[in-house]
Amino acid sequence: MSLTKTQIRHLRGLGHTLKPIVIIGGGGLSEGVVGELNQSLEHHELMKVRVNAEDREERDALIEKICESANCELVQRIGHIALVYRPAEEPVLQLPR
């Protein structure tokens with residue numbers, strides 16, 4: 001799944017007012033957190049994830065691992081917040097072409 005620039009811009013606009021749904025702390029990415037991510041993405045499709053890691057490289061690695069394990073796309077990352085997207089089995093969000 002690859003998003004176009006138009007789709008990313010649309011999703012960023014939709015995600016602007018969202019609050020982080022999942023917060024990943026010092027314990028890192030466990031199976032329980034991945035399960036919660038999958039469940040939340042299936043329900044919301046677009047969501048913010050807060051990653052509480054000390055340095056930038058650690059945050060980037062954790063965000064990449066989140067996208068891999070939850071099979072989602074990173075739309076935007078600002079500081080500790082990542083906006084991720086994965087279409088649901090029955091998509092609610094309509095993306096521009």
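Values quoted throughout were computed directly from the atomic coordinates according to the rules given, and no laboratory measurement underlies them. Note that the structure is a prediction, hence the values are computed from the model and not measured. Heads up, the Cβs are rebuilt from the backbone with ideal geometry, glycines too, and the neighbour counts pull from every protein chain shown.
Here are a few things to note about the model shown:
- Helix 31-44 vs. the chain, principal-axis angle (Cα, 0 to 90°, nearest 10): 20 degrees
- Surrounding net charge for GLN76, when Lys and Arg each add one and Asp and Glu each subtract one, Cβ distance under 13 Å: +4
- Beta bridges assigned by DSSP with both partners in the range 5-85 are antiparallel in approximately 70 percent of cases.
- Residues GLN76 and ARG56, FRET efficiency given R0 of 25 Å [Cβ-Cβ distance, rounded to 0.05]: 0.95
- A simple spin-label model places pseudo-atoms 7 Å from Cα toward Cβ; at THR4 and ARG97 they are separated by 0.8 nm.
- DSSP loop GluC sites (Glu not before Pro) with at most 14 other Cβ within 10 Å excluded, longest remaining stretch of the chain: 1-53
- Cβ-based net charge around LEU37, under 15 Å, with every Lys or Arg adding one and every Asp or Glu removing one: -3
- Distance in nm between pseudo-label sites at SER30 and ARG12 (7 Å out along the Cβ direction from Cα): 3.5 nm
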